[in-house]
Amino acid sequence: MVERLVIDRVGHLGDGVGFASGQMVYVPYTLGGETVEVAPVPGHHPDRRRVLQVERASPERIAPFCPHFGVCGGCAIQHWEAERYRAWKRNIVVETLAQAELDCAVAPLIDAHGLGRRRLTLHARMGTHDVLKVGFSAAHSHDIVPVDRCPILDPHLGGALDAGWAIAEPLIAIGKPLDIQITATDNGLDVDVRGSGPLPAAMIAKLSVIAEQHRLARLTRHGELVLMRRPPALRIGSAQVALPPGSFLQATVAGEETLAALVSEHCGRAKNIADLFCGVGPFALRLAPRARISAFDNDAGAIEALRKAATAMPGLKPLKAEVRDLFRRPLSREELRDYDAVIFDPPRQGAQAQSLQLAASKVALVIAVSCNAATFARDARVLVDGGYRIETVTPVDQFRHTAHVELVAKFSR
């Protein structure tokens with residue numbers, strides 16, 4: 001059934017929001033004020049629509065720069081002019097905080113796309129007629145969109161798509177779907193393959209040839225080493241970090257540097273800092289020349305990489321790195337007693353358990369880094385109810401063309 005709608009606005013997930021028969025519906029790739037023809041999306045929630053035709057376009061609409069836009073599910077917005085897009089992304093944070101009744105200043109959005117994404121995950125599946133597909137997931141679907149280029153990638157990922165295809169061709173014969181994560185490092189491409197199952201010696205020999213042809217730094221399967229030509233490493237501040245397979249990284253180099261600069265500024269003259277959910281140390285290694293750091297994360301590989309990097313880096317204050325599941329064992333208010341600042345940068349689910357302990361503590365300064373405005377608002381509410389004041393929130397856009405937004409907030413007592 002074809003419907004004619006007027007789009008009211010762009011929602012927090014990047015879809016246009018309209019009304020059909022009095023019910024709110026969501027239409028990807030549309031903008032506020034546009035008149036569009038839409039149809040239901042078979043097999044999806046009844047509030048989803050697909051656009052058939054834009055009858056009256058918004059004056060803010062621009063031509064997307066990628067030929068895969070609208071089919072590939074990686075980008076939600078390439079069709080909106082930059083100033084309005086940036087205002088919308090900042091407003092996601094503003095509205096989310098207002099809904100949680102958090103009154104605070106929200107700084108202008110910082111663009112941290114930089115050179116582009118330094119990591120991608122390709123999906124490889126055997127399609128109909130035994131045709132291999134290697135690419136990204138389609139929008140709102142599990143179908144694979146084969147790609148031969150992606151304009152939002154860091155140039156240091158040059159050759160990553162070709163390498164992904166080359167790796168998938170022999171492995172897909174095993175008969176299982178594959179996910180191929182490729183990271184740009186200072187020493188070349190670091191590749192981790194998931195879904196293949198154990199690899200026989202003959203397959204490892206084939207992959208070794210491919211690794212040489214595509215000059216891969218390392219190839220792992222579910223984090224287990226298959227072969228290594230050079231140890232993949234990244235420079236973080238003044239430190240050189242040997243990267244564990246699949247370890248968390250900020251999406252862009254500029255994103256990591258921007259978040260770290262904000263965290264460092266907010267820490268001020270703090271001399272004893274806890275870095276929670278520290279990963280491989282993007283904050284800890286930059287702060288360690290001036291402050292004592294206690295770093296915690298549940299990723300043992302990341303903690304070991306941080307320890308080794310700190311040991312090899314001269315001129316640091318004491319840096320302790322410990323494996324700890326902060327969801328199950330958050331630092332207690334007693335353990336927090338000796339710190340004059342705490343940084344926490346949890347995954348998307350936030351850090352509610354840790355926030356409760358912080359709220360009960362006497363730590364003077366808390367810096368929160370988040371990739372999810374909703375869970376940040378929940379955790380911030382806990383801190384504010386515990387006596388903290390939000391001094392500032394800064395949104396950071398390292399996932400340009402998507403609805404994802406990072407933020408850094410400073411809390412004080």
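The values are calculated or read from the model by the stated rules, or taken from the named source; none is laboratory data. Small disclaimer: the values here were computed from a predicted structure and weren't measured. Neighbour counts run over all protein chains shown; Cβ positions are idealised from the backbone, glycine included. Just the protein is used for accessible areas: all its heavy atoms, side chains included, with ligands, DNA and RNA removed. Shrake-Rupley method; radii C 1.70, N 1.55, O 1.52, S 1.80 Å.
Please verify whether the range 9-16 includes one or more residues that are in contact (Cβ under 8 Å) with a residue 12 or more places away in the chain, farther than 19 Å from Pro395 by Cβ, in a strand (DSSP E or B) and open to solvent by 80 Å² or more (accessible area, probe 1.4 Å). Before you say what the answer is, go through the steps one by one.
Restricting attention to the range 9-16, the residues satisfying the condition of being in contact (Cβ under 8 Å) with a residue 12 or more places away in the chain are 9-16.
Of the ones still in play, those that are also farther than 19 Å from Pro395 by Cβ are 15-16.
Adding the requirement that they be in a strand (DSSP E or B) leaves 16.
Next, only the ones that are open to solvent by 80 Å² or more (accessible area, probe 1.4 Å) stay: none.
Looking for residues that are in contact (Cβ under 8 Å) with a residue 12 or more places away in the chain, farther than 19 Å from Pro395 by Cβ, in a strand (DSSP E or B) and open to solvent by 80 Å² or more (accessible area, probe 1.4 Å), one finds none in the range 9-16, hence no.
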Please verify whether the range 76-85 includes one or more residues that are at pLDDT 95 or above, closer than 18 Å to Val405 by Cβ and in a strand (DSSP E or B).
yes
Of the residues in the range 360-377, those that are farther than 17 Å from Asp338 by Cβ and open to solvent by 20 Å² or more (accessible area, probe 1.4 Å) come to Cys371, Asn372, Ala374, Thr375
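Please tell me if Asp340 is under 17 Å from Phe248 (Cβ atoms) and open to solvent by 30 Å² or more (accessible area, probe 1.4 Å).
On the way: under 17 Å from Phe248 (Cβ atoms): no; open to solvent by 30 Å² or more (accessible area, probe 1.4 Å): yes.
So Asp340 fails the test.
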Can you tell me how many residues within the range 338-360 are assigned to a loop (DSSP other than H, G, I, E, B) and without any contact (Cβ under 8 Å) to a residue 60 or more places away in the chain?
4
Given the condition more than 24 Å from Arg194 (Cα to Cα) and surrounded by 16 or more Cβ atoms within 10 Å (Cβ to Cβ), answer yes or no: does some residue in the range 296-305 qualify?
yes
Could you check, for the range 309-316, whether at least one of its residues is without any contact (Cβ under 8 Å) to a residue 60 or more places away in the chain, open to solvent by 40 Å² or more (accessible area, probe 1.4 Å), within 22 Å of the chain's Cα centre (by Cα) and farther than 22 Å from Glu265 by Cα?
no
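Residues to consider are Leu97, Leu122; find the one that is buried (at least 17 other Cβ atoms within 10 Å of the Cβ), at pLDDT 95 or above, part of a strand (DSSP E or B) and of a type outside the set (Ser, Thr, Tyr).
Details: Leu97 fails: part of a strand (DSSP E or B).
None of the other options fit; the residue is Leu122.
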Identify, please: which residue in the range 234-243 is open to solvent by 10 Å² or more (accessible area, probe 1.4 Å) and at pLDDT 95 or above and is, among those, nearest to the chain's Cα centre (by Cα)?
Leu234
